[in-house]
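Here the structure is laid out as structure tokens; the discussion comes afterwards.
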Amino acid sequence: MLKRIAAILLVVLSLSLTGCISKVVGLKSHVDTGDGYQFLYPNGWLPIAVPNGPDVVFRDLIQQTENVSVVISPVTGDKTLADLGTPSEVGYKLSKNAIAPPDSGREAELVNAESRESRSKNYYILEYAVKLSNQQQRHNLASVAISRGKLFTLNISTTEERWPKVKEAFEKVVKSFSVY
């Protein structure tokens with residue numbers, strides 16, 4: 001009887017430990033039922049208030065330059081994401097109007113642009129290399145979607161130096177973004 005209990009405890013313990021071994025940090029869920037979107041974000045990130053800014057912003061407690069935000073903008077008419085352009089066209093427009101607008105001192109290069117579908121909604125996944133005026137390099141990922149006459153943009157950002165360490169987790173965050 002004791003051998004059986006010990007064996008069961010050993011199996012449970014080993015399963016628990018293998019669950020802890022992962023390159024991806026744990027993720028928490030943020031759901032905004034009022035505006036109709038949800039996404040995952042890394043553990044240890046806290047919400048911060050940005051007056052007249054994005055709908056929501058979470059920032060890493062330790063690496064305070066890492067953040068994720070959601071911006072909601074109106075869309076005229078019954079436009080779809082495809083009506084706004086291809087992933088590359090929308091990515092280029094977003095880089096010029098939101099990520100590196102004129103006189104911001106930033107330069108954004110669209111590195112990758114792709115489309116994906118989830119639950120009958122189209123999303124554009126965009127990747128940028130951003131150079132700040134102080135020559136610091138940043139890496140941004142964005143997910144863009146349209147729902148109920150609104151353009152939703154989730155953006156997650158880090159320094160280029162930390163990008164290899166957080167890439168997998170940030171990609172999970174971007175792909176978890178969902179509008180309804």
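For the pair ASN112 and GLN136, label points projected 7 Å from Cα toward Cβ lie 2.5 nm apart. Average projection, convex hull of the Cα set of the chain: 13.6 square nanometres.
With +1 on each Lys and Arg Cβ and -1 on each Asp and Glu Cβ, how big is the dipole of the chain about its Cα centre, in debye rounded to the nearest 20?
Working: 21 positive and 18 negative charges, 145 e Å.
Result for the chain is approximately 700 debye, rounded to the nearest 20.
Please give the contour-minus-distance gain from LYS167 to VAL31: 0.36 nm per residue of separation, less the Cα-Cα distance, rounded to one decimal in nm.
Working: separation 136, 0.36 × 136 = 48.96 nm, distance 2.27 nm.
Length difference between fully extended and current span is 46.7 nm.
Solvent-accessible surface of the chain, averaged per residue with a 1.4 angstrom probe and all protein chains in place: 60 square angstrom. Set the Förster distance to 25 Å, then compute FRET efficiency between ASP103 and LEU46 from the Cβ-Cβ distance, nearest 0.05. After rounding, the FRET efficiency stands at 0.25. Annotation: amide H-H contacts under 5 Å for LEU27 (H modelled 1.01 Å from N, sequence separation of 5 or more, or interchain): ASN43.
Computed with a 1.4 Å probe over protein heavy atoms only, the accessible area of THR80 comes to about 70 Å².
In terms of Cα atoms, the Rg and Dmax of region 88-180 work out to 13.3, 42 Å. If the segment from LYS79 to LYS175 were pulled out straight at 0.36 nm per residue, it would be longer than the present Cα-Cα gap by 32.3 nm.
Note on GLN38 and GLU89: their simple-model spin labels are 3.3 nm apart, each label 7 Å out from Cα toward Cβ.
Tell me, what % of the accessible area of the chain is carbon and sulfur with a 1.4 angstrom probe?
Values: 5930 of 10790 Å².
Reported share for carbon and sulfur atoms: 55 percent.
Our note on the geometry: Cα centres of region 151-180 and region 37-67, 12 Å apart. Largest first, the residues ASP55, ASP78, ASP32 sort by 1.4 Å accessible area into ASP78, ASP55, ASP32.
The values are calculated or read from the model by the stated rules, or taken from the named source; none is laboratory data. The shown structure was predicted, so the numbers you read here are calculated from the model rather than taken from an experiment. Backbone-built Cβ (ideal geometry, glycine too); neighbour counts: all protein chains shown. These accessible areas exclude ligands, DNA and RNA; they are computed on the full protein's heavy atoms, side chains included. Shrake-Rupley method; radii C 1.70, N 1.55, O 1.52, S 1.80 Å.
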